[in-house]
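Read through the structure below, which is laid out as structure tokens, and then see the notes.
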Amino acid sequence: MLRISHRLGNIHHDSDLAAQVTQWEHTHQLEEVTLNEREAQKSRLRLQTSTGQELGLVLPRGTEIADGDVFALTDREGGLLVHLALQEVMVLTLRPGLPPSEQHHWLVRLGHVLGNQHWPIASVDDAVLVPVSLDRAVMETVLRTHHLLDQFTIRYEQRSWPKSTWTTPHS
């Protein structure tokens, strides 16, 4: 098993590295792996790439992996490109036309209900994101029970979790 520990950078922030990854892809020197959000927060992982190569990823504690991160291969030329799997999220948006004082009331109420369910949330623009961790109908029933669907619209998206807005549910 190959051990990987040196991050070269991220293709979304480094155009030279993105060009290098494209070159490695053309010369069959690129390994790729897709991680879920939970795996991306671990510093020790045993992985299997899309070509079947077994890798051991060993990073400093507290390191988080982002979509597009590239790691150096230690046994040969090339690199490892990491993709983060998209996850289903519930996107809640306040219905238009509410006065600011009512918006505040309903947002606090939503936060209280979601917190009591121990569901992580993120705020992005004018929406509240909640990972779909249960059947959609169950999650919607919780919101309906607290009359939140009267004030919020729901849609579902496949997206990566916004790391900068990660919140931990209260205990």
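Are any residues in the range 132-160 surrounded by 15 or more Cβ atoms within 10 Å (Cβ to Cβ), touching a residue at least 60 places away in the same chain (Cβ under 8 Å) and under 22 Å from V108 (Cβ atoms), and if so, which ones?
The answer is F152, I154.
Tell me the strands (runs of 3 or more DSSP E) entirely within the range 110-164 that contain at least 1 residues that are at pLDDT 95 or above and over 18 Å from the mean Cα position of the chain (by Cα).
Here the list reads 152-159.
Working only within the range 93-131, note down all residues that are β-branched (V, I, T) and either crowded, with 17+ Cβ neighbours inside 10 Å or at positive phi (or both). Write out each step before concluding.
Pass one, the range 93-131, residues β-branched (V, I, T): 93, 108, 113, 121, 124, 128, 130.
Of everything in the range 93-131, those that are β-branched (V, I, T) and either crowded, with 17+ Cβ neighbours inside 10 Å or at positive phi (or both) turn out to be I121, V128, V130.
Hey, can you tell me all the residues within the range 27-36 that are over 15 Å from H83 (Cβ atoms) and surrounded by 12 or more Cβ atoms within 10 Å (Cβ to Cβ)?
Answer for the range 27-36, where residues must be over 15 Å from H83 (Cβ atoms) and surrounded by 12 or more Cβ atoms within 10 Å (Cβ to Cβ): just Q29.
Enumerate the pairs (first residue in the range 9-26 and exposed (fewer than 15 other Cβ atoms within 10 Å of the Cβ); second residue anywhere and of a type outside the set (D, E)) with beta-carbon separation below 6 Å, excluding pairs fewer than 6 apart on the same chain, so at least 6 apart or on different chains.
From residues that are exposed (fewer than 15 other Cβ atoms within 10 Å of the Cβ), the pairs are H12/G68.
Return the residues of the range 12-54 that are assigned to a loop (DSSP other than H, G, I, E, B) and under 17 Å from the mean Cα position of the chain (by Cα); say none if nothing qualifies.
H12, N36, E37, R38, K42, S43
The values are calculated or read from the model by the stated rules, or taken from the named source; none is laboratory data. Keep in mind the model is a prediction, meaning the values are calculated, not measured. Heads up, the Cβs are rebuilt from the backbone with ideal geometry, glycines too, and the neighbour counts pull from every protein chain shown.
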